[in-house]
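Down below is the structure, laid out as C-alpha cells.
The values are calculated or read from the model by the stated rules, or taken from the named source; none is laboratory data. What you are looking at is a predicted structure, and each value in this text was computed from that prediction instead of being measured. Cβ placement follows ideal geometry from the backbone for every residue including glycine, while neighbour counts extend to all protein chains displayed.
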Amino acid sequence: MKILIAEDDRNIRNGLAEILEEEGYEILAACDGREALDLFKSQSPDFICLDIMMPGMNGYDVCREIRKRHSSIPIIFISAKSEEIDKVLGLELGADDFIVKPFGIREVVARIRAVTRRYFSTGKKTDILGPFQMGDLEVFPAELQARRGNHTVDLSLRDINILITLYKNRGRPVDRYTLFREAWGVDHIPNSRTLDQHISQLRKRIEQDPKNPVIISTVHGVGYRFSECVPGE
C-alpha cells in the first residue's frame, strides 16, 4: 500500500516516512504541492498525507485537484494550522482526518491505521485477504487486528503481511527472503536481524507464551513457519 507524503519541512517529511515505513507502507515523498500532484498522477498512491502550507501549491489546492480525479482516496491533512476553521475547510474539501503539529508517533500511527481500516472496509482494496484462523488466534486483515476470545490485538500493515504470508504457506517453512519481500517490499535489502527483531516483537503480542511460540515457529537455517495444528490441540 503506497502513501504519498507532501511536506516541505524535510525533517518532518523524513520522520513521517520513517514512521510509516516501519508500519509497512511504501512511501512516495514530495517537498511541495506541485510535486505531490505530479506523483499522484504518475504513481497512483493508495493514501495521501498533505501539509497545508507548502510552496507553489498549498495542500488545500492539491486536495481539490485530487478530488476532481479521485473521489474516495484517503487524505489526511497534517498541519501547524490549528484553528477550527482550518479543520472544517480541510474536512469540507474531502479530507478523512486532520492532524495538528506537533504530533506524537502514536497519534500518527493510530490515525493512519484508522483511515486504512475505513479504506479497506469500502471494498476498494479488493486484494486484501478475509479473516483467517491461526491456532486460537483469529486474524482480521482489513481491520488491522487479531482477536483471541475477548482480547483484541492491534497490528500494523507489516504485521498483517507477515501473518498472511505464513498462513498462505501453512505447514511449510517460509524463508527469510520471502518474508522480507512480502512485508518490506522488493526495494529493501533483506536483513535477518531486522526480520528476527520484528518477529520477536510480533510474538509478544500474538503468542500466549512468546518464549514458547506456537503460531510463528522458527525453522533454523531457513526462516519461520505456521502449522495449522497448534501443539496440544
Where residues in the range 130-184 are outside any helix (DSSP H, G or I) and of a type in the set (Val, Ile, Thr), which of them is surrounded by the most Cβ atoms within 10 Å (Cβ to Cβ)? Val139
Quick check on my filter: what residues within the range 132-176 are without any contact (Cβ under 8 Å) to a residue 24 or more places away in the chain and of a type in the set (Gly, Ala, Ser)? Gly149
Please enumerate the residues belonging to the range 76-98 that are free of Cβ contacts under 8 Å to residues at least 24 places away in the same chain and touching a Lys or Arg at 6+ places or on another chain (Cβ under 6 Å). Asp97, Phe98
Those residues that are under 18 Å from the mean Cα position of the chain (by Cα), crowded, with 16+ Cβ neighbours inside 10 Å and part of a helix (DSSP H, G or I), I need them from the range 80-116; list them, please. Val108, Val109, Arg111, Ile112, Arg113, Val115, Thr116
Output the residues belonging to the range 55-77 that are of a type in the set (Phe, Trp, Tyr) and part of a helix (DSSP H, G or I). Tyr60
Count, please, the residues in the range 16-54 that happen to be closer than 16 Å to Ile76 by Cα and in a helix (DSSP H, G or I). 8
List the residue pairs whose Cβ atoms are under 8 Å apart, where the first residue sits in the range 1-24 and is farther than 15 Å from Met54 by Cα and touching a residue at least 40 places away in the same chain (Cβ under 8 Å), the second is of a type in the set (Ser, Thr, Tyr) and surrounded by 17 or more Cβ atoms within 10 Å (Cβ to Cβ), and the two are 6 or more positions apart or on different chains. Met1/Tyr25; Met1/Thr116; Lys2/Tyr25; Ile3/Tyr25; Glu22/Ser156; Glu23/Ser156; Gly24/Ser156
Take the conditions on the phi < 0 side of the Ramachandran plot and either at pLDDT 95 or above or in contact with a Gly (Cβ under 6 Å, 6 or more places away or on another chain) (or both) and apply them to Tyr177. Does it pass? no
Enumeration of residues in the range 30-75 that are surrounded by fewer than 21 Cβ atoms within 10 Å (Cβ to Cβ), in contact with a Phe, Trp or Tyr (Cβ under 9 Å, 6 or more places away or on another chain) and among the charged types (D, E, K, R): Asp46, Glu65, Arg69
